[in-house]
Amino acid sequence: MHPTFQIYPEVAQFIAYLQFEKRYSKHTITAYQTDLEQFFVFLVSQYEAPNVADIAPSFVKSWLAELKQDAIAAKSLRRKISSLNAFFKFLIRRELLQSNPMTNIHSPKIPKRLPQFVDVAHMQTLLHEVVFSDDWQGKTEKLVLQLFYETGIRLSELIQLQESQVDTAYAQIKVLGKGNKERILPISRQILAQLQDYLAEKKVLQLTCTHVFITPKNKPLQPRSVYAFVHYRLAQVTTITQKSPHILRHTFATHLMNEGAPLGAVKELLGHSSLASTQVYTHNTIEKLKDVFKKAHPKA
C-alpha cells in the first residue's frame with residue numbers, strides 16, 4: 001500500500017472492507033486503491049495532510065479541477081468520484097465521519113454508447129468454420145469462446161470456474177459473480193458434452209489444477225492471455241473496433257434480446273443487480289426493428 005496511506009489508516013480499513021466483506025475482485029479493489037491514492041497524495045501535497053474529518057468539499061473540487069486540466073476522460077472522472085463517495089459513506093457508517101464532503105459534487109455526464117456486438121453470421125463463422133489447432137491450447141480457446149458466447153459469463157467468472165461448479169446432471173454451471181453473488185447458467189447439451197470431454201482429457205494428461213480452464217502447464221488461465229486469443233480470433237471474423245471477452249458478453253445479451261427474450265430473464269442470466277444495466281441491450285433491438293421497417297414498409 002502507498003506510504004501516504006500510513007497517514008490515513010481509514011483507507012486501509014476501507015480496502016479491507018472491500019476485500020473481506022464485499023468480496024470485490026482484485027481488479028476492482030486495485031481501482032479503488034489507485035483512486036484513493038491519487039486523492040490523498042494530492043491532499044498531502046496541497047493541504048498539508050488534513051485529518052479525514054477536516055476534508056472539505058473545496059479540497060475535492062480542487063483535485064477534480066486538476067484532473068480536468070490533465071484532460072482525464074469523463075468516464076475515469078466518474079469512477080474516481082464514485083470511489084471517493086464509497087469511501088466517505090463507509091466512514092459515515094462506521095461513525096468515523098459526520099458528513100460527506102461529496103454531497104454536492106456531481107459526476108460528469110457521459111454520452112450513451114450502444115454496446116458493440118458480433119453479428120450472428122460472424123459468430124457462426126467463428127465457431128463452425130475457423131480452424132483451431134487440435135492441441136490443448138486450441139481446444140481450450142475454442143471452448144472458452146463458445147462458453148463466452150453461449151452463457152454471457154464474465155471473464156473473471158470463467159477464469160475462476162472450478163470443475164465442481166459444472167453440474168452435468170442438469171446441464172448447467174454455477175458461477176460466483178460480482179459481490180460473490182451466485183447464479184446458475186444453463187448450457188446446451190453440446191457444450192456440456194464438450195466440457196466433459198475436455199475435463200476427461202485433463203485427467204488423461206494428468207493436469208490436476210481444479211480450475212476448469214487451464215494452460216498446458218497446469219496453471220489457471222490469466223486475463224491477459226484470454227484477452228489476447230479472443231482478440232485474435234474475433235479479428236478473423238469481424239471488423240468491429242472492440243474485440244474483447246466482454247464484447248462476447250454483449251453479443252450473448254444482444255442476440256437473446258433480438259430473438260425476443262424477456263428483459264428480466266436476460267438480467268438474471270447476466271447477473272445484473274439492476275434492470276437499468278440490462279436495458280442498454282434493448283437499444284440494439286430497436287435499431288434492428290428500425291432496419292426492418294426501412295426495408296419492408298412502403299412509406300419508409
Revision key, fill the gap. Given Cβ charges of +1 for Lys and Arg and -1 for Asp and Glu, the option among Leu126, Val230, Val166 whose Cα lies farthest towards the positive end of the dipole of the stretch 120-296 is Val230
Practice item. Determine the equivalent ellipsoid of the stretch 60-127 by diagonalising the alpha-carbon gyration tensor, then write out the semi-axes as square roots of 5 times the eigenvalues, largest first, rounded to whole Å. Key: 37, 18, 9
Practice item. Within the stretch 1-83, report the GluC sites (Glu not before Pro) that DSSP leaves as loop and that have at most 11 other Cβ atoms within 10 Å. Key: Glu48
Study note, to complete from the structure: What the Cα atoms of the stretch 120-296 span along the principal axes, largest first and in whole Å, is 57, 34, 28
Check your understanding: Can you pick out the pairs among Lys75/Lys243; Lys75/Lys174; Lys109/Lys243; Lys139/Lys219; Lys22/Lys219 whose Cα atoms lie more than 22 Å from each other?
Key -> Lys75/Lys174; Lys109/Lys243; Lys22/Lys219
**Study point:** Residue-span extension gain [Ile240 to Asn180] - 0.36 nm each, minus C-alpha spacing
**Key:** 18.4 nm
Exercise for review: Quick one: order Val226, Val44, Val166 by neighbouring beta-carbon count within 10 Å, fewest to most.
Suggested key: Val44, Val166, Val226
Exercise for review: Order by neighbour count: Glu182, Glu150, fewest other Cβ atoms within 10 Å first, most last.
Suggested key: Glu182, Glu150
Exercise for review: Find how much the distance from Tyr170 to Ala265 grows on full extension, using 0.36 nm per residue of separation minus their present alpha carbon separation; answer in nm with one decimal.
Suggested key: 32.3 nm
Review point. So what's the back-of-envelope 222 nm ellipticity for the chain, counting only DSSP H runs of four-plus at -39500 (n - 2.57) apiece and dividing by all residues, rounded to 500?
Key: -18000 deg cm²/dmol
Revision key, fill the gap. Once Gln69 and Ile7 are pulled to full extension, the length gained, defined as 0.36 nm per residue separation minus their Cα-Cα distance, is 19.6 nm
Check your understanding: Given +1 on the Cβ of Lys and Arg, -1 on the Cβ of Asp and Glu, and no further charges, what dipole in debye does the chain carry about its Cα centre, rounded to the nearest 20?
Key -> 680
Revision key, fill the gap. By the Cα gyration tensor axes a ≥ b ≥ c (a/c under 1.5 gives rounded; else a/b larger than b/c gives prolate, otherwise oblate), the shape of the stretch 203-268 is oblate
Practice item. Let me know the longest stretch in the chain that avoids all trypsin sites (Lys or Arg not before Pro) found in a DSSP loop with at most 10 other C-beta atoms within 10 Å. Key: 1-108
Check your understanding: What is the log10 of I(q)/I(0) for the stretch 3-93, computed with the Debye formula using one identical point scatterer on each Cα and no solvent, at q = 0.13, 0.15, 0.23, 0.26 Å⁻¹?
Key -> -0.42, -0.56, -1.31, -1.57
Review point. Label Ser133 and Thr208 with points 7 Å out from Cα along Cα→Cβ: what is the distance between them in nm?
Key: 2.6
Review point. Any idea how far the Cα center of the stretch 25-41 sits from the one of the stretch 49-93, in Å?
Key: 12
Review point. How would you rank Leu270, Leu205, going from fewest to most other Cβ atoms within 10 Å of each one's own Cβ?
Key: Leu205, Leu270
Practice item. Among Ala56, Phe87, Phe20, pick out the residue whose Cα is farthest towards the positive end of the charge dipole of the stretch 3-93, where Lys and Arg carry +1 and Asp and Glu carry -1 on C-beta, about the Cα centre. Key: Phe20
Practice item. Starting from the Cα coordinates of the chain, work out the convex hull volume and express it per residue in Å³. Key: 183
**Study point:** Charge dipole magnitude, Cβ of K and R +1, D and E -1 - the stretch 12-99, Cα centre, debye nearest 20
**Key:** 500
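Read the figures in this text as sums done on the coordinates, not as results from a lab. Here the structure is a predicted model, which is why all the values come from computation and not from measurement. So basically every Cβ, Gly included, is an ideal-geometry build from the backbone, and we count neighbours across all protein chains shown.
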